[in-house]
Amino acid sequence: MSEPPTLRIVFDRPHALFDIATTRDMEAAALAALPPFTLMQRAGGAVAALARALAPHARTMWVVCGGGNNGGDGLEAAARLRAWGMPVTATWLGHPDQAPADARAAWRRAVDAGVVFTDGIPAGLGADDLCIDALLGIGGGKPGRHPAAQRMQALLDAMHASPAAILCVDLPSGLDADTGVRHMRPQALHADRLHTLSLLTLKSGLFTGDGRDAAGQVWCNTLGVEADAARACAVLGHRPASTARAHASHKGSYGDVCVVGGEGMQQRGMGMSGAALLAARAALHAGAGRVFVGLLDGGALAVDAVQPELMFRAIDALDFAATATATVCGCGGGHAVAGVLPQVLAASGRLVLDADALNAIAQDDGLRHALASRGARGQATVITPHPLEAARLLRTTAADVQSQRLHAAAALARELQAVVVLKGSGTVIAHGDRSPVINPTGNALLATAGTGDVLAGMVGARLAPQGADAFDAACAAVYAHGLRADAWPAGRPLTAGRLANAASGA
Ligand SMILES: NC(=O)C1=CN([C@@H]2O[C@H](COP(=O)(O)OP(=O)(O)OC[C@H]3O[C@@H](n4cnc5c(N)ncnc54)[C@H](OP(=O)(O)O)[C@@H]3O)[C@@H](O)[C@H]2O)[C@@H](O)CC1
Ligand SMILES: Nc1ncnc2c1ncn2[C@@H]1O[C@H](COP(=O)(O)OP(=O)(O)O)[C@@H](O)[C@H]1O
Ligand SMILES: [K+]
């Protein structure tokens, strides 16, 4: 067959993501079906072709290879690059007597091609040069006592400290392909000259947790092996289809959003009305037909002078059960929100729960039960925890949630019978039987107070219209929220208020 193509991963369509176990199954089936060494030749060929395209003027291509098959891919790439006349230097931590058969064959081909081997770090690596990280792939275990661990860390640091671009083979070495946890972390952050060529399958860990920082621009080559999408562990989110507004529509066509939150100064001397206003403004700018605000401030505020379209109501004057209505509850809700939650959980047809509403539910089994029983009544719920809020709901730690984001989101979705939006780099959206989605948009500009309130309002706006699907609404809102940040003008500080008002773009 002709060389399988390498695809640059952009987010114009959904991509299936696979875990290590399924990738290993697929690899074993392909190895059995193909002549020996075929897969590694394809892998090395794909790495070499991308390397040449990324660094056509390199004076040094330093290929840094571990002792397993990931190193074998690197050695095969080195052999190809050398045969094309590229200036290749390789470092190999393996040994011909101990290497897996394919890696040994690749080493032999590299030697025969005339690749120069070195144990040191090539001198004078420049910006036109390229380091190829083939230390560890999906066989990389936890760090620690492995005899090669220290050497690998030093080589990783040397690559990342150099001004050369880096191409990671299959995975950034030390990244857990399933979870996005980094077991080996280079000292310097090298994000803008960093590429990863994922082989055989696209792995979930490249897109969540530490994955985005570790991988840089992701490319994929399937090595000619067709994947069964039904075996995917997750899907990469993508731009939702744009929905044009019918000419003959009216505000009722787009539904109402009721925002409940914003504890006042009177209660505990902590005014948090701003959080509810951010959610309400965001819902309005995301296209809700009407937005009502029920503040928990004892009536202190009755109008938003900057956004007079918002309609303030006493909590008892809000109709949570009305059709084409979504309630957004919890933003800035403080302690006061616990008092209204029984009513909100019982009556709201469609509901977004954020922040203090989630904290209240985490502390109260009655509320937890009221939430979990909504699904059986046909009431849709989206919860939008950040990792600490998710940890409180799961009665664990934020570090534990972050160490298995896909699993944590799915566990919460199951227990609470809700669509779960686990926020952070590579937000995970999970619900029931649906394949979890990892959202690809957004960046660290969003790491500022109030952007989560904006997201809750945006979800509410998409959930409000009659017939809206809660999972799709959550995915679309998370994508649009991140896209706003990705399109943010350079030099303009991103604040939550500006984010709420920004053009949606999706
Ligand atoms: N077979 C094929 O044709 C194809 C294979 N493919 C490629 O193979 C890759 C998987 O290869 P793999 O299974 O050999 O595992 P790999 O990622 O090289 O790691 C194992 C090596 O690392 C070492 N090591 C482990 N942990 C460590 C640590 N903490 N610190 C330090 N060292 C550690 C471990 O040492 P050992 O435990 O054996 O002493 C061993 O030497 C996959 O990602 C893809 O690139 C694809 O291209 C498809 C075609
Ligand atoms: N580094 C990042 N990359 C992508 N998204 C981020 C990043 N940091 C924060 N976000 C997003 O910003 C929002 C922050 O929400 P949250 O933590 O609830 O903040 P707040 O409670 O202050 O509103 C979430 O949507 C989160 O996914
Ligand atoms: K690697």
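What follows is calculated from the coordinates using simple rules that are stated; it is not laboratory data. As the structure is a prediction and not an experimental result, all values here were calculated from the model. Every residue, glycine as well, gets a Cβ built from its backbone with ideal geometry; the counts of neighbours run over all protein chains shown.
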Give the peptides 490-497, 284-291 in descending order of average Cβ contacts within 10 Å, highest first.
284-291, 490-497
What are the ³J(HN,Hα) values, in whole Hz, obtained from phi via the Karplus relation 6.51 cos²θ - 1.76 cosθ + 1.60 with θ = phi - 60°, for each residue of the stretch 245-252 in sequence order, with x given for Gly and Pro?
7, 5, 4, 8, 9, 9, 4, x
Measure nothing fancy, just the Cα-based angle from helix 470-486's long axis to the longest principal axis of the chain, in degrees from 0 to 90, nearest 10.
70 degrees
In terms of Cα to Cα distance under 29 Å, which lysines are near enough to Lys142, apart from those fewer than 8 places away along the same chain?
Lys203, Lys423
Please arrange Tyr479, Tyr254 by counting, for each residue, the other beta carbons lying within 10 Å of its beta carbon, fewest first.
Tyr254, Tyr479
The stretch 7-233: antiparallel DSSP beta bridges as a percent of all, rounded to 5:
10 percent
Working only with C-alpha atoms, what are the Rg and Dmax values of the stretch 369-506, expressed in angstrom?
14.8, 48
Proxy reagent accessibility, fewest Cβ within 10 Å first, across Ser403, Ser173, Ser253, Ser204:
Ser253, Ser403, Ser173, Ser204
In units of 2.2 N^0.38 Å, the Cα radius of gyration of the stretch 353-441 is 0.99
Just how far, in whole angstrom, is the stretch 312-362 from the stretch 197-265 if you go by their alpha carbon centroids?
26 Å
So how do 221-229, 340-348 stack up, highest first, on mean other-Cβ count within 10 Å?
340-348, 221-229
Report the gain in length on full extension from Asp97 to Ala148: 0.36 nm times residue separation, minus Cα-Cα distance, nm rounded to one decimal.
16.7 nm
Rounded to the nearest 5, the percent of DSSP beta bridges in the stretch 251-501 running antiparallel is 20 percent
Does the stretch 280-346 come out rounded, prolate or oblate, given a ≥ b ≥ c as the square roots of the eigenvalues of its C-alpha gyration tensor, rounded meaning a/c under 1.5 and, failing that, prolate meaning a/b above b/c?
oblate
Compactness summary of the stretch 268-381: radius of gyration and Dmax from Cα atoms, Å, are 13.7, 41
Neighbour-limited loop hits for trypsin sites (Lys or Arg not before Pro), the stretch 168-245 (at most 10 other Cβ within 10 Å; DSSP other than H, G, I, E, B)
Arg245
Simple spin-label estimate for Ala123 and Ala322 in nanometres, 7 Å along Cα-Cβ:
7.7 nm
When a/c is below 1.5 the answer is rounded, else prolate if a/b is larger than b/c, else oblate, so apply that to the stretch 251-501 with a ≥ b ≥ c taken from the square roots of the Cα gyration tensor eigenvalues.
rounded
proj_area_mean for the stretch 7-233 (convex hull on C-alpha atoms), units nm², value 11.5 nm²
Beta bridge orientation in the chain: antiparallel %, DSSP, nearest 5
20 percent
From the helices alone, meaning DSSP H stretches of at least four residues, give me the mean residue ellipticity at 222 nm for the chain, per-run term -39500 (n - 2.57), in deg cm²/dmol to the nearest 500.
-11000 deg cm²/dmol
Normalised convex hull volume, the chain, alpha-carbon set, Å³ per residue
163 Å³
Which value, in Å to one decimal place, does the Kirkwood hydrodynamic radius take for the stretch 125-237 when every pair of different Cα atoms is included?
14.4 Å
Going fewest to most other Cβ atoms within 10 Å around each Cβ, Asp453, Asp256, Asp19, Asp119 line up as Asp119, Asp19, Asp256, Asp453
